[in-house]
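Structure first, commentary second.
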Amino acid sequence: MTSDNAFAVELKGVTFRRGTRTIFDKVDLAIPRGKVTGIMGPSGCGKTTLLRLIGAQLRPASGAVIVNGQNLPDLSRSELFDMRKQMGVLFQSGALFTDLNVFENVAFPLRVHTSLPEEMIRDIVLMKLQAVGLRGAVELMPDELSGGMKRRVALARAIALDPQILMYDEPFVGQDPIAMGVLVRLIRLLNEALGLTSIVVSHDLAETASIADYLYVVGDAQVLGQGTPAELLESDNPRIRQFMKGIADGPVPFHFPAPDYRRDLLGGA
Amino acid sequence: MRKTSPIERVRLIGRSGLDVLESLGRSALFLGHALFGRNGAGSFMQLLVKQLYAVGVLSLAIIVVSGIFIGMVLALQGYNILVDFASEEAVGQMVALTLLRELGPVVTALLFAGRAGSALTAEIGNMKSTEQLSSLEMIGVDPLKYIIAPRLWAGFISMPLLSAIFTVVGIWGGAWVAVDWLGVYDGSYWGNMQRSVEFRGDVLNGVIKSLVFAVVVTWIAVFQGYDCEPTSEGISRATTRTVVYASLAVLGLDFILTALMFGDF
Amino acid sequence: MQSRSLEIGVGLFLLIGLLALLLLALRVSGLTIGSAQDTYRIYAYFDNTAGVSSRAKVTMAGVTIGKVVAVDLDRDTYMGRVTMELDKRVDNLPVDSTASILTAGLLGEKYIGISVGGEEKMLADGGVIRDTQSALVLEDLIGKFLLNSVNKEPAKQ
């Protein structure tokens, strides 16, 4: 299924609306194959929506979402489920199945999509857990794990079927520095060891910049800028500067749009 | 408090009507997808057994306890009324018919909505908010088949059985009060009952009623969970909606079913 | 992952549920297995069917042998026609059997009692019982008692 295309995922003129709100307005975006691509932007700008568009959990109002040369909106339901076997997603909360233990969680995709014998499944699961350093936790239930460990188990589950594309939804949110360091290392390591295409959606600037080969900054339903982390830091676009440097007021205003302050205070009397 | 013109008002009514139709259609599609269509992951029986446990076995205690008490109260009240007409032997018949035709299916459905229905909604809503449903989808498993279908079937199977258990326990509870406590002759309690209760007219109709309630209550519970807003607030609102909608639907449908089954048209 | 106790619990639950259904059928409704289906229909015409409704019992010598399925008015004779379904096993009712409307207890439900006649010919499916005794109407009875004029011609209604 590998195509020679240099891009694993391409969005062409994608428009997406939720209700009357336009989340994306004719967005073009290309994810290079075999690299770690960061997608950054302020909270609520639709980064998770972007992942769901690539995972075909949402349909764009118009435009094409091309994964491995196939346009997702054109695929049938069963073709979609096949396509998703080549993708792994690490959800924000880990999304482990709470009624299954760690072993069964990681084994789940294998049981669903393969008819491997039980010993083989066991070996694969242990290998994947070893890769994330949690082989010792096979018997635990998800609610016995810390947040960082949950995410690592979820990562093991996401790579169980050896996908070509791995997407991370806000992997760094709410992690302590050690867990964060572990995750940063894992993402980089997995990308190189398995030859994956990684997409990291995040608003944690330092971590994302440290592992990404290429960055997109989205906001206002548009792609504001793209380039290597170094290029973006040097950008003279004020919106990108504000985001990259973390300045409180700027093109993205500190104040939510409101009527004139003085009139509001005095007019009420 | 803006004044709306009549045309505006008609438009609003029309729109809310369309909204209702839309959500009805969505939930019907949801039901169809979940029940019919090829099965997803794993052995369906295993999933079903798990859900039968959660939905049926765990509701057993509340059903049995309520059944006993309702049967006892019916016998007590019935005796007090019937004794004035010197026909307290008919208390068995009264308890049995009331339970079989009405209270068995209806109270079971209401208790089921409160016990199992709300739990289903909360569980599925929680799965949605922790992205477990999305995660299943991305793994390539249809959550309708893997999560929803076993829960629906478990509800459909459990409720008629629970209702039968409720009725039996109630009739025996009534017998305990009427025969052992109030001194109604044992033979006339059971004899009157057997003479007046008909298998097809009363027992089967009761089972049919409770099957209908099972479909409606489980459907509402599961759909509300699946369709809820994935926040803790959204889940709690969906849970409330499940209990309210399910109870109203059960009571409304009960009238219609009773009219169809026992009304002489 | 499936624990045995869970499966046992579910099995037990299903068993108890089915047992409850069985109890409802046998103990509560007094259903006897195998007798439900085979029935045949006969008709009886009454001057007054007051109180008999569909699903009322049909008995003979105190034993239930069938039930009423319909009560309607015959347009030509102005009599009430009661349609009964009787057990196939009781197929030896002579054509001159009598059907009377009886009451269980003073205020109880109305049912139909059949007493045997003496003819050689038996009632078949669709047969009609001519010899009937109408419902006892309490008001008539009291009226007659007060006027002390029993044995006059029966009240027409």
Problem set entry | Accessible area in square angstrom per residue, the protein assembly as shown, 1.4 angstrom probe | 51
For this session: With all distinct Cα pairs included, what does the Kirkwood hydrodynamic radius of chain B come out to in Å, to one decimal, could you say?
Result: 20.4
For this session: Taking every pair of Cα atoms in the protein assembly as shown, average 1/r, invert it to obtain the Kirkwood radius, and report Rg/Rh to two decimals.
Result: 1.16
For this session: Work out how far the C-alpha atoms of the stretch A:59-120 reach from end to end along every principal axis, then list the three figures in whole Å, largest first.
Result: 43, 28, 17
For this session: Percent of Cα-Cα pairs per 10 Å bin, from 0 to the last occupied bin, for the stretch A:47-159, please list those.
Result: 14, 39, 30, 16, 2
Exercise. Once the principal axes of the Cα atoms of the stretch A:41-84 are found, what is the range along each, listed largest first in whole angstroms?
Worked result: 34, 19, 17
For this session: Determine the share of the protein assembly as shown's accessible area contributed by carbon and sulfur atoms, expressed in whole percent, with a 1.4 angstrom probe.
Result: 59
Problem set entry | the stretch B:93-207 - Rg over Rh from alpha carbon coordinates, Kirkwood radius | 1.22
For this session: Name the residues whose placed amide hydrogens come within less than 5 Å of the amide hydrogen of A:Val89, ignoring near sequence neighbours (fewer than 5 apart) on the same chain.
Result: A:Met167
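Let me know the longest stretch in chain B that avoids all trypsin sites (Lys or Arg not before Pro) found in a DSSP loop with at most 13 other C-beta atoms within 10 Å. The partial results should precede the final answer.
Working: sites that count: B:Arg2, B:Lys3, B:Arg38.
Between the exposed loop sites, the longest stretch runs B:39-265.
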For this session: Kindly work out what percent of the DSSP beta bridges joining two residues of the protein assembly as shown are antiparallel, to the nearest 5.
Result: 65
Seminar exercise, completed: Normalised per residue, the volume inside the convex hull of the alpha-carbon atoms of the stretch B:131-265 in Å³ amounts to 152
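Could you tell me what percent of the DSSP beta bridges with both partners in chain A are antiparallel, to the nearest 5?
Values: 20 of 38 bridges.
Of the beta bridges lying entirely in chain A, close to 55 percent run antiparallel.
The values are calculated or read from the model by the stated rules, or taken from the named source; none is laboratory data. All values reported here derive from a predicted model rather than from experimental measurement. Positions of Cβ are backbone-derived with ideal geometry, glycine not excepted, and every protein chain shown enters the neighbour counts. Remember, those area values only see protein heavy atoms, side chains included, never the ligands or the DNA or RNA. Shrake-Rupley method; radii C 1.70, N 1.55, O 1.52, S 1.80 Å.
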